[in-house]
Amino acid sequence: MLKHRIIPCVLLKDWQLVKSIHFDSFRTIGHPTSTARIYNARNVDELIVLDIDASLNGEEINTELITDIADECFMPLTIGGGITTIDDIYKVLNAGADKIAINSKALDDLEFIKKSSSIFGAQCIVCSIDVKKIDDEYKVFSKSKGVLDINPLVLALKYEEYGAGEILLTSVDCEGSTNGYDIELIKLFKDKLEIPIILNGGMGKPEDAIEAIQNGADAIAAAYIFHFSQYTPSDIKNALKSNQIDVRL
Amino acid sequence: MGNLRSVQKAFEKVGCDAIISNNISVIKNASKIVLPGVGSFADGMKHLEELGLIDILNEEVINNKKPFLGVCLGMQLISKKSYENGETEGLCWIDAEVVKFNFDNLDKKFKIPHVGWNNTHYKNHNILFNGISDESDFYFVHSYYFKAYEDVVSSTTDYAFDFVSSVQKDNIFAFQFHPEKSQSVGLKILENFVNLESDR
């Protein structure tokens, strides 16, 4: 039986791993390689690292640091942030990533998804969608352009059609809140896509993970809970397991 | 081929120097051969052909019985043919075909690619599973699966049905999942492979 994955999703900023709150303020988690080593030791299912210096400030993708992180990871590693060319994908994969995450580039250029998916395989291409709720409607949020008049499910279906292998779905409103995942949002996506959805943003306790998965998330991503609460990834998995949700223990 | 480095560092982790090479004499002198791989079947075969590696692989693995480890696409390539984007002939070491998952007739939704952690059910004994309990979880990422027509299956995995997740035939070991990405159980497989006695 395929297991539901629990995935730490952290940001890379100024050579540190950080956690954002509503994409705005940042709290430092720690040094990238030691944090990756801890995640590896804690037997997490996967790790997602988004390089926000590269995505927001247009800096070169930090392949040196990605290599250091990858060297500690004997689980799948997804790297995102600042990827705009096929050459960037080669660089990141050669540094040791297994998958790449794209957000702005996918929004700007659907053909890029198709091209990268045909070269590297759909399994390698994670398309990330940030969502904000405006007047009771979900809209796609772009870090550079703000709220866009695009329905996130319509966009996800487009990404799937163009060759995305997974969708990383982040609720900006819930992100960093610890008030739980956006359940209304994941309900909209339930059974609509052929590809897996990783729901991100808001986990504060193990029950949040249960609710997210029961309502349609294939995998869940989180950061805050693993660093600023008493819960470990194992605690969350044990809670899922006792609710008859299949996880890798 | 994005995961070469991952495979190499996983071997380093279990105390073995793995050389990444497409050089015929390096492959000839190696004590064991690993064929990892991500990407499409046709591209994989095309690369092996263009690099002139098919003859040396046949020579070393089939004639000289050098221990061989195929991972993911590297497992699929040892089949007779794949139906990924048309038909492509493989290395033909095992009577098998590679076909795409098809769940059209099922009520329940199964997503493609099959990605994530899933567990084995052991079949024929495979010494590379030594020290690993049955039903352990390994990391999979694939849209096509290996349909074996000979009795070489060492484990199956359930994804709507039981598909072949590993095979062993003489000195040939192959895994659909990624040992290099499967934490301690995956590293144990690589360690067992490193510790195999080589015939030469």
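Within segment B:89-131, restricting attention to residues that are closer than 18 Å to B:LYS147 by Cα and among the aliphatic types (A, V, I, L, M), the residue that is surrounded by the fewest Cβ atoms within 10 Å (Cβ to Cβ) is B:VAL99. The residues of segment A:105-125 that are touching a helix residue (DSSP H, G or I) at 6+ places or on another chain (Cβ under 8 Å), surrounded by 20 or more Cβ atoms within 10 Å (Cβ to Cβ) and either within 11 Å of chain B (Cβ to nearest Cβ) or of a type in the set (Ser, Thr, Tyr) (or both), listed by number, are A:SER116, A:PHE120, A:CYS124, A:ILE125.
What number of residues within segment B:164-200 satisfy the criterion of being in a helix (DSSP H, G or I) and either under 14 Å from the mean Cα position of the chain (by Cα) or within 14 Å of chain A (Cβ to nearest Cβ) (or both)?
Step one: filter segment B:164-200 for residues in a helix (DSSP H, G or I), giving B:179-181, B:183-194.
From what is left, the residues that are either under 14 Å from the mean Cα position of the chain (by Cα) or within 14 Å of chain A (Cβ to nearest Cβ) (or both) are B:179-181, B:183-191, B:193.
Matching residues across segment B:164-200 total 13.
Checking each residue in segment B:3-21 for being touching a Lys or Arg at 6+ places or on another chain (Cβ under 9 Å) and within 9 Å of another protein chain (Cβ to nearest Cβ) picks out B:ASN3, B:SER6, B:ALA10. Note on segment A:206-249: among residues that are over 19 Å from the mean Cα position of the chain (by Cα), assigned to a loop (DSSP other than H, G, I, E, B) and free of Cβ contacts under 8 Å to residues at least 60 places away in the same chain, the one that is surrounded by the most Cβ atoms within 10 Å (Cβ to Cβ) is A:TYR231. Filtering segment A:76-101 to residues that are surrounded by fewer than 24 Cβ atoms within 10 Å (Cβ to Cβ) and farther than 13 Å from A:THR63 by Cβ leaves A:THR84, A:THR85, A:ILE86.
Residues checked against (1) more than 15 Å from the chain's Cα centre (by Cα); (2) buried (at least 17 other Cβ atoms within 10 Å of the Cβ):
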| residue | (1), (2) |
| --- | --- |
| A:LYS3 | yes, yes |
| A:VAL18 | no, yes |
| A:ARG27 | yes, no |
| A:THR35 | yes, yes |
| A:ALA70 | yes, yes |
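B:ASN119 meets all of the listed conditions (1) more than 14 Å from chain A (Cβ to nearest Cβ); (2) in contact with a Phe, Trp or Tyr (Cβ under 8 Å, 6 or more places away or on another chain); (3) in contact (Cβ under 8 Å) with a residue 24 or more places away in the chain but one, namely (1).
Of everything in segment B:104-163, what is part of a loop (DSSP other than H, G, I, E, B), among the aliphatic types (A, V, I, L, M) and in contact with an Asp or Glu (Cβ under 8 Å, 6 or more places away or on another chain)? Give them in sequence order.
The one that is part of a loop (DSSP other than H, G, I, E, B), among the aliphatic types (A, V, I, L, M) and in contact with an Asp or Glu (Cβ under 8 Å, 6 or more places away or on another chain): B:ILE112.
Of the residues screened, B:LYS169 is not one that is surrounded by fewer than 22 Cβ atoms within 10 Å (Cβ to Cβ) and more than 22 Å from B:ASN195 (Cβ to Cβ).
Pairing each residue of segment B:132-145 that is facing chain A (nearest Cβ under 8 Å) and more than 17 Å from A:LYS99 (Cβ to Cβ) with any residue that is in a strand (DSSP E or B) and modelled with pLDDT of 95 or more, provided the two are 6+ apart or on different chains, yields C-beta distances under 7 Å for B:ASP137/B:TRP117; B:ASP137/B:ASN118; B:ASP137/B:ASN119. Quick one: how many residues across segment A:158-198 are hydrophobic (A, V, I, L, M, F, W, C), in a helix (DSSP H, G or I) and within 14 Å of another protein chain (Cβ to nearest Cβ)? Here the count works out to 1. Look at (1) more than 14 Å from chain A (Cβ to nearest Cβ); (2) over 25 Å from A:LYS91 (Cβ atoms); (3) of a type in the set (Val, Ile, Thr) and you find that B:VAL34 fails only one, number (2).
The values are calculated or read from the model by the stated rules, or taken from the named source; none is laboratory data. Treat the numbers as computed from the prediction; the structure is a model and nothing was measured. Cβ atoms come from the backbone with ideal geometry, glycine included; neighbour counts cover every protein chain shown.
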